[in-house]
Every structure is written in structure tokens, then in C-alpha cells.
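Below is one structure, written out as C-alpha cells, with a few remarks after it.
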Amino acid sequence: MRFVFKTSYDADIRLFKHRAQAVWYFLLLLLVLATPLYFVAIGDAYLLGEITGVLILAIAGMGLMLLTGHTGLPSLGHATFMALGCYLNINLLGAGIPWIIAFPLSGLIAGLLGTIIALPVLRLHGVYLALATLAMSILTSDFVVMAEPWTGGIAGAAVPDINIFGMEVNRYSTPYKFYYLVLFVAILLVWFYRNLLRTPTGRSFTAIRDSEISARAMGINLTRTKATSFFLSATAAGLAGALFGHSAGYVTNETFDLVMSITLLLMIVIGGLGFIHGAFFGAIVVGIIPVAIANGRSFLASTFDININIPGLESALFALILVGFILFEPMGLYGRWLKIRTYFELFPFYRKDMFKRQKSYLKTDRVQ
Amino acid sequence: MSLLEIENVTLRFGGLVAVDNVSLRVEEGEVFALVGPNGAGKSTVFNLISRFYDPAEGRITFDGHDLLGHTADQVPSFGIARTFQNIELFEQATVLQNLLVGRHRHRRTGVLSNIVFSPKAHSEERRHREAVEQVIDFLNLQHYRDKMIGGLPYGVRKVVELGRALASEPKLLLLDEPASGLSVEETQDMAFWIEDIQTQMGISVMMVEHDMGLVSAVSNRVMALSDGKELATGTAAEVQSHPAVIEAYLGTGEISKTGTSRA
Ligand SMILES: Nc1ncnc2c1ncn2[C@@H]1O[C@H](COP(=O)(O)OP(=O)(O)OP(=O)(O)O)[C@@H](O)[C@H]1O
Ligand SMILES: [Mg+2]
């Protein structure tokens with residue numbers, strides 16, 4: 001067990017609670033920085049591309065986590081913001097704007113457009129908000145077709161390469177550079193996210209999530225704060241969409257479909273709602289499942305001569321995993337990790353019900 | 001001019017007149033108690049001041065500001081903080097984080113400076129934490145500082161909610177049944193705190209409370225309400241012996257000098 005003695009007010013403003021924690025994150029940073037070395041050694045960067053894809057998913061996941069996990073607003077439409085970011089990026093690059101400007105700009109405009117779209121539905125709660133964003137997601141493909149001059153419609157659009165001050169970055173020809181670029185964006189966004197959570201803005205988000213009525217009684221403007229959260233969330237999704245485009249190389253009206261929106265939501269629930277870690281854990285699971293299924297399939301085929309070709313197997317497995325998490329591990333993978341860590345920190349004093357939440361007391365006669 | 005002035009305020013829920021032409025004044029520096037049987041309209045008066053409800057008629061002014069011209073989230077900026085009858089804390093956050101939300105009206109930095117954690121945001125955070133630590137010391141919450149609200153006992157939650165309101169450094173504190181559900185010792189602590197809040201911090205207090213022992217101990221003036229109407233206003237002793245008040249409580253067995261009974 002570790003006691004943290006507070007010697008100044010900075011102690012709990014700091015990014016890391018204690019030195020050991022800082023050391024662990026430093027080691028993690030070294031690991032992700034060194035990962036490409038392994039792929040250089042084996043001379044095959046295919047898996048590195050998959051890892052980059054996981055990072056891109058995690059960036060979109062962080063966006064959704066901020067909105068759903070920290071502000072309590074569910075969205076089934078985040079693929080739409082990814083689409084916005086992706087197509088804006090393509091068009092800005094096409095207009096000759098350098099990537100270093102086009103990329104952040106496409107995120108910001110996606111955030112702005114997302115907020116404008118969301119404003120009318122921000123008053124809705126829970127399942128109604130989910131339905132409104134779901135409708136948006138369903139319409140996305142049609143809009144992409146309608147906006148053919150900018151999106152290429154059904155035929156699709158090629159995504160131009162990244163060029164940073166003359167340095168070409170392409171997923172296939174320079175996979176290592178692309179990995180480091182995505183990693184940089186991901187780390188930057190984690191830092192922004194952490195800063196938000198330790199300052200008034202982030203606290204007003206979580207306040208709204210936990211009790212709208214007392215958030216108002218503390219002076220928090222619901223509409224403005226929700227809109228801010230939506231803007232930041234859609235911006236992150238837009239950036240992820242732009243990177244996704246670079247990773248895919250080619251996008252059509254079916255790229256950012258409803259399944260992607262749902263996958264993002266599943267991802268953060270599986271990872272652990274309300275934790276930044278959750279976005280990453282969730283992205284890893286979502287990234288691993290297709291690979292695991294493919295490997296499992298070929299293993300069964302080659303060893304036992306069993307051929308499984310069930311269409312929709314992946315979606316079914318996803319659904320099963322999600323139901324399992326909601327039933328047995330509502331705090332997600334990150335929650336499981338917290339429990340394991342506490343078990344070792346307190347060994348041998350861990351109690352089984354340590355993480356049990358006490359039943360909450362009466363809720364105020366809801367003021368409408 | 002009084003700190004809070006409520007004039008001829010009426011609020012109806014459909015056919016029910018929850019607050020019926022009520023007028024009251026809370027003076028600067030006083031503890032003003034609102035008593036009355038269940039359903040008298042006490043919490044509704046608080047919700048009117050908080051601007052959760054729009055009155056059908058009447059005026060509410062605080063410190064010279066017309067509250068009815070402002071929204072619920074603007075009310076704290078004038079210096080009004082409150083607690084709720086059934087505790088409304090941020091469950092998935094620690095005690096410290098809850099108290100920090102109480103500081104919301106004092107924030108001086110925007111989203112951008114928060115995101116990059118600018119030096120200004122940093123020094124602002126430090127100031128908020130200093131203020132919050134003082135509240136933690138005052139209410140003896142050191143032990144619970146980093147605990148999640150979700151796992152705290154009822155009595156501690158009540159204190160945290162008081163702390164969150166105090167953290168906003170209000171001029172007027174609205175306490176809706178601060179002692180309900182508390183043990184005798186906890187109620188005594190609450191009484192001491194309310195006295196200190198009045199005398200040492202100079203904060204005016206308006207509270208709704210059924211425990212007449214607590215009401216008599218801490219309040220300067222008391223108003224009794226029943227069915228939304230004012231029955232009597234005066235000192236605790238005057239109100240308790242007022243015939244209309246005794247009649248309103250007749251049979252409910254609620255009003256008593258020890259005040260331990262509570263529906
Ligand atoms: N949102 C609402 N909609 C309809 N009726 C309401 C609403 N809120 C309160 N009431 C009614 O208004 C009346 C006054 O309620 P209020 O909560 O103010 O009583 P109170 O004096 O605080 O009582 P208690 O001591 O039980 O807390 C009650 O009859 C209650 O049922
Ligand atoms: Mg009440």
C-alpha cells in the first residue's frame with residue numbers, strides 16, 4: 001500500500017500521483033517509441049500498420065469517451081464526425097493547403113459542424129440522444145453520395161499523401177513515419193485530455209454527467225458546457241477520421257458507416273467508461289478481435305481441417321463480448337486492471353467487495 | 001435593504017398552490033429558518049430562489065439583483081450556494097473533486113488555457129485547492145478527501161454537500177434539511193458549523209429544518225409555512241407557541257422541543 005503525502009497543493013495537480021507512476025508511464029513511452037525497431041528487425045511492417053490502426057481508433061475513442069464517459073452524453077454518430085474530418089482533410093489537401101495546417105483545421109471544422117448539428121439535440125437525454133445521433137449516422141452515407149463533388153460519392157475518393165515540410169509520409173511506403181505521426185497525435189491528445197480533467201472545464205463535464213441539477217446549482221451552464229464537450233469530442237473524432245483516411249488510402253460512402261459508430265461505442269464500454277485508459281484498452285480489443293478470428297479460423301482449418309465460414313461471426317462475437325462486459329465487468333477492462341493492481345498493492349489484505357459501489361441514496365425529487 | 005427579498009411569490013403546480021403569496025426577507029448575517037409540515041412548500045421556496053421554478057407572481061431580489069431576470073446557473077454568481085434535501089453529489093468523483101466544482105463560479109480561465117494547462121490555469125488551480133483545503137479542514141473531511149462519494153456513509157455525504165456549497169464562498173447559504181438522517185452527535189456538529197459559518201465566516205444562512213432543537217439553537221428568526229402559506233414569523237419560541245402553528249402541526253406530532261421526530 002502506498003501513502004501519498006501531500007507536501008504542496010501541486011501534489012494532486014501534477015500529472016502523476018507519485019514517482020513510481022511516472023516511471024511506469026515513462027517505460028510505456030519507451031516501449032511504444034521502440035516498437036518499430038522490432039518490425040525493422042523482422043523486416044515486415046504489416047503488424048505495425050495494425051497497431052497504427054489501433055492508435056487511430058483510440059484517438060476516435062478518446063473523443064467519444066470525453067462525451068459519453070465523462071459528460072454522460074451517449075452518441076451513436078461519431079463515425080459521422082470521422083467522415084467530416086476525413087473528407088475535409090481530403091478537400092483541404094486537394095486545395096493545396098499544406099498537411100500541417102489542413103489536418104488540424106479539418107479536425108476543428110468537423111468539431112464546429114458537429115456542434116452545430118448537435119445543438120438541437122443536446123437538450124435530449126439518454127436514449128433519445130442516442131437515437132438522434134443514430135439517425136445522423138444512418139444518413140451519413142446518403143450525404144456522402146449527395147456531396148459527390150467533394151466526396152467522390154459511391155466511387156470513392158483517394159486520400160492524398162501526407163507531406164510535412166517536404167517529408168512524405170505514407171502508410172505503405174513509410175509505415176514507420178506514419179506510426180510515429182499517429183503516435184504523436186495520440187500522445188498530444190492524451191495530454192490535452194489529462195489537462196482538461198484536472199481543470200474547471202473537465203470538472204464541469206463530469207459534474208453534468210453525475211447530476212445536472214447540482215451542476216446548475218453550482219453555476220454550470222448546461223447547454224454551453226455540453227456544446228463544449230461535443231465540440232472537443234467531434235474534433236478528436238474528426239482528427240481520427242483524417243488519419244483513418246490516410247491509413248485506408250481510399251474512402252467511399254460505406255467507410256464511415258453505422259457499424260463504425262456502434263463499434264466506437266462498444267469500444268469505450270469494453271475499455272471502461274470514464275477512464276482515458278478505457279479508450280486504449282477498448283481500441284486494442286477491437287483491433288485484436290478480427291486478427292484473432294482470422295488466426296483462429298486458419299488454425300482450425302490447418303490443424304483439424306474444420307472450415308468455419310459464418311458470415312457476421314465478428315459482429316456476433318463483439319455483441320457477446322459486450323453483453324459479457326455489461327453483465328460481469330461494468331467498469332470495463334480498465335476496471336478489471338484496477339482491481340488486479342489493488343490486489344497486488346494490498347496483498348494479502350484485498351477484500352472481495354472492495355470495489356463494490358454502495359447503493360446510492362435517494363435522488364432528489366427531480367426538478368424539471 | 002435586506003440581503004434576500006421575496007415579495008408576494010406564488011407558484012402553482014397544476015391545481016396545487018405550492019407557494020401561496022409568500023413574502024420574506026433574510027437580513028445580512030442572520031440565520032433564517034423555514035419550518036412547516038411535510039408538503040408545506042419549503043423546498044419549493046428554495047427551488048424558486050435557485051431559479052429551478054418560475055413563480056406565477058411575485059419578485060425575488062438578492063443583494064440588489066432581480067433574480068427572476070436570471071437563469072439557474074447564473075444564481076451562484078451572485079453569491080448563493082445550496083444543498084439539497086436528498087443529497088445531490090457527483091457520485092463518481094472524489095470528495096476533493098466535488099468541492100472543487102463548488103469553486104466553479106470563481107474560475108477565471110477558459111477551455112483553451114485549460115487544455116494546454118497554461119501557467120494561468122496552473123496558478124488558478126493552486127488557488128482553488130487552497131480554498132478547498134480550508135473547507136476540508138473546517139469540516140474535518142481530511143480522512144475522506146480522496147474517497148469516492150459512491151462509497152461514503154450518509155452522514156459524511158451531508159457534510160460533503162455542505163462543504164461543496166461553502167467552497168463557493170457564498171453570501172447566502174441555503175440548507176435544505178441539513179440535519180435530516182443525522183445522528184445526535186452529527187446534528188450537534190452541524191449546529192456548531194452553522195454557528196461558525198454565521199459568526200466567523202459572516203455568511204447568512206437560510207435553512208429548512210424539521211429538528212426544532214437545531215432550529216432553536218441556531219436561528220435568529222423562523223418562519224412557519226403550511227400549505228404554501230405563511231403562518232407566523234418570529235423567534236423560534238414565538239413561532240412554536242403560535243396558535244396557527246400548533247394547529248397546523250396538530251396530530252402530525254412533528255413539532256417538539258427536542259425535535260427528534262421526523263417523517
Ligand atoms: N415538481 C413538482 N411537481 C408537482 N408538485 C410538486 C413538485 N414539487 C413539489 N410539489 C408539491 O408541492 C408541495 C410542496 O412541496 P415541497 O417539496 O416544497 O414541500 P416541503 O415543505 O419541502 O416538504 P418536506 O418537508 O416533505 O420536504 C407538495 O405538495 C409537493 O407534492
Ligand atoms: Mg422539502
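The values are calculated or read from the model by the stated rules, or taken from the named source; none is laboratory data. Please read all numbers here as calculations on a predicted model, not as lab measurements. Every residue, glycine among them, receives a Cβ derived from its backbone with ideal geometry; neighbour counts consider all protein chains shown. Quick note on the areas: whole protein, heavy atoms, side chains included, nothing else; ligands and nucleic acids left out. Shrake-Rupley method; radii C 1.70, N 1.55, O 1.52, S 1.80 Å.
Brief remarks follow.
- Across the range B:80-169, the volume of the C-alpha convex hull divided among the residues equals 98 Å³ per residue.
- Computed on the Cα trace of the range A:82-139, the radius of gyration divided by the Kirkwood hydrodynamic radius gives Rg/Rh = 1.12.
- Cβ-Cβ FRET estimate between A:Leu322 and B:Asp227, R0 fixed at 51 Å, reported to 0.05: 0.50
- Cα gyration tensor shape for chain A, rounded if a/c is under 1.5, else prolate or oblate: rounded
- FRET efficiency for the A:Glu148 to A:Tyr46 pair, using the beta carbon distance and R₀ = 30 Å, is estimated at 0.35.
- Values of log10 I(q)/I(0), in the order q = 0.15 Å⁻¹, for chain B under a Debye, Cα-only, solvent-free model: -1.11
- Whole-angstrom gap from the range B:73-125 to the range B:15-52, using each part's C-alpha centre: 27 Å
- Average partner coverage of B:111-123, which counts Cβ from other chains inside 10 Å: 5
- Each listed q (0.13 Å⁻¹) maps to a log10 I(q)/I(0) for the protein assembly as shown, found by the Debye formula over equal Cα scatterers with no solvent: -1.36.
- The packing ranking of peptides A:274-282, B:10-18, highest mean first, is A:274-282, B:10-18, where packing means the average number of other beta carbon atoms within 10 angstrom of each residue.
- Kyte-Doolittle mean at least 0.5, axial Cα span of 18 Å or more - DSSP H helices of chain A: A:19-42, A:46-64, A:78-94, A:99-118, A:126-146, A:175-197, A:222-248, A:258-271, A:276-304, A:313-328
- Legend: mean number of C-beta atoms from other chains within 10 angstrom of residue C-beta atoms, peptide A:187-196, equals 2.
- Amide H contacts for B:Leu225 (H built 1.01 Å from N in the peptide plane; partners 5 or more residues away or on another chain; cut-off under 5 Å): B:Val35, B:Gly36, B:Leu231.
- Most mobile listed residue (A:Arg216, A:Arg171, A:Arg203) in chain A, GNM with C-alpha springs under 10 Å: A:Arg216
- Relative packing of A:231-237, B:114-120, which averages over residues the other C-beta atoms within 10 Å, highest first: A:231-237, B:114-120
- Structure remark: mean-square fluctuation, Gaussian network model of chain A, C-alpha springs under 10 Å; the largest value among A:Ala215, A:Ala110, A:Ala34 belongs to A:Ala34.
- Whole-angstrom gap from the range A:112-148 to the range A:232-289, using each part's C-alpha centre: 17 Å
- Put A:Ser302, B:Ser204 in order of accessible area, highest first, and with a 1.4 Å probe you get A:Ser302, B:Ser204.
- Share, in percent, of DSSP beta bridges within the protein assembly as shown that are antiparallel, nearest 5: 60 percent
- Restricting attention to chain A, the count of lysine pairs at 8 or more positions apart or across chains with alpha carbons under 26 Å apart stands at 9.
- Local charge for B:Lys171 was computed over the other residues whose Cβ lies under 10 Å away, with Lys and Arg +1 and Asp and Glu -1, and equals -3.
- Counts of other chain beta carbons within 10 angstrom of each beta carbon in peptide B:38-51 average 1.
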